[in-house]
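Asker: Attaching a single structure in structure tokens format; questions to follow.
Every read-out reported here was derived from the displayed coordinates using simple, explicitly stated rules and does not represent laboratory data. For clarity, every value in this text was computed on a predicted model and none was experimentally measured. All Cβ positions, glycine included, derive from the backbone under ideal geometry; neighbour counts span all protein chains shown.
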Ligand code: IMP
């Protein structure tokens, strides 16, 4: 399997919550997940136009700097009535340096005249693993969490667009779910579990 001979993977993220979440998912594998900050690596500028491009950019940077396999993700919310916006620009939708609150407020404003039956959208996540010096082709997986954009915030947990994103199945917003509930259904939880599964496929060799 891909993991043969790999005992450490660098996680190209500076977000402590994400690092904990992903370390939990990989807990069953015999591999240590190390934060890029442990190597003094910072995130490069996200200049890609797709989630996959941005995830590859971050992971390649960390792999080159550390000399180890590196994993990264990129995510955002894709809203049907806005032709897919904010998409890869989710973190800076209201402008460079905008807060989560600024971005959410702009989304609510843009959605105010959209009728209830056209308020669908989804969180998308690309998760990738790349290898230093191209020892192996990159592994890329993508996942989506579908829901509806509410007109008002609900709940106090989560981050980003969680308070206005209603999960279709549970009818809770991302901000009303516990961390475990959200991980079980979220775009990021699904993507990293899929990546973890691919790494364990017996047919894949380094
Ligand atoms: P990142 O690329 O994973 O850091 O996420 C980019 C942006 O997408 C974040 O700043 C949030 O605005 C939004 N986002 C991604 N995942 C979530 C989520 O699970 N809940 C709410 N917002 C999210």
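Asker: If each of residue 184 and residue 159 carries a label point 7 Å out from its Cα toward its Cβ, how far apart are those two points in nm?
Answerer: 2.3 nm
Asker: Mind ordering 62-68, 196-202 by average Cβ neighbours within 10 Å, highest first?
Answerer: Values: 62-68: 19.3, 196-202: 13.7.
Those peptides, ordered most packed to least, come out 62-68, 196-202.
Asker: In the range 94-118, which residues have a backbone nitrogen under 20 Å from the label point lying 7 Å from residue 53's Cα in the Cα-to-Cβ direction?
Answerer: 94-97
Asker: Using only the alpha-carbon atoms, how far is helix 51-66 inclined from the longest principal axis of the chain? Give it as 0 to 90 degrees, nearest 10.
Answerer: 40 degrees
Asker: Relative to the first principal axis of the alpha-carbon coordinates of the chain, what is the inclination of helix 16-25, with its axis defined by its Cα atoms, in degrees from 0 to 90 and to the nearest 10?
Answerer: Once rounded, one gets 60 degrees.
Asker: Can I ask one more? Whole angstrom only: what separates the Cα centroid of the range 15-79 from the Cα centroid of the range 148-204?
Answerer: 18 Å
Asker: Expressed as a rounded percentage, what relative contact order does the range 94-143 have, with Cα pairs under 8 Å and six or more residues apart? Provide the component values of the computation, followed by the final result.
Answerer: Working: 28 pairs, mean separation 11.9, N = 50.
For the range 94-143, the relative contact order is 24 percent.
Asker: Can I ask one more? At 0.36 nm per residue, minus the direct Cα-Cα distance, what do residue 24 and residue 135 gain on full extension? Give it in nm, one decimal, please.
Answerer: 37.3 nm is the gain from fully extending residue 24 to residue 135.
Asker: Can you show me the helix-derived [θ] at 222 nm for the chain, built from DSSP H runs with n ≥ 4 at -39,500 (n - 2.57) apiece and divided by the number of residues, rounded to the nearest 500. The partial results should precede the final answer.
Answerer: Numbers: 5 runs with 58 residues, N = 206.
Roughly -8500 deg cm²/dmol at 222 nm, from the helical runs in the chain.
Asker: Sticking with this one: Got the relative contact order for the chain handy, in percent, Cα pairs under 8 Å and 6 or more residues apart? Could you put the intermediate results ahead of the total?
Answerer: Working: 404 pairs, mean separation 43.6, N = 206.
Relative contact order here is 21 percent.
Asker: Against the longest principal axis of the chain, how steep is helix 187-200, in degrees 0 to 90 to the nearest 10, with axes from Cα atoms?
Answerer: For 187-200 against the chain, the angle is about 20 degrees.
Asker: Can you tell me the order of 179-188, 71-80, 87-96, 112-121 when each peptide is scored by its average per-residue count of other Cβ atoms within 10 angstrom, highest first?
Answerer: Working: 179-188: 18.2, 71-80: 24.2, 87-96: 16.2, 112-121: 12.4.
Per-residue mean Cβ counts within 10 Å order the peptides as 71-80, 179-188, 87-96, 112-121.
Asker: Also, quick follow-up: Gaussian network model of the chain, Cα springs within a sub-10 Å range: biggest mean-square fluctuation belongs to which of 45, 21, 53?
Answerer: 45
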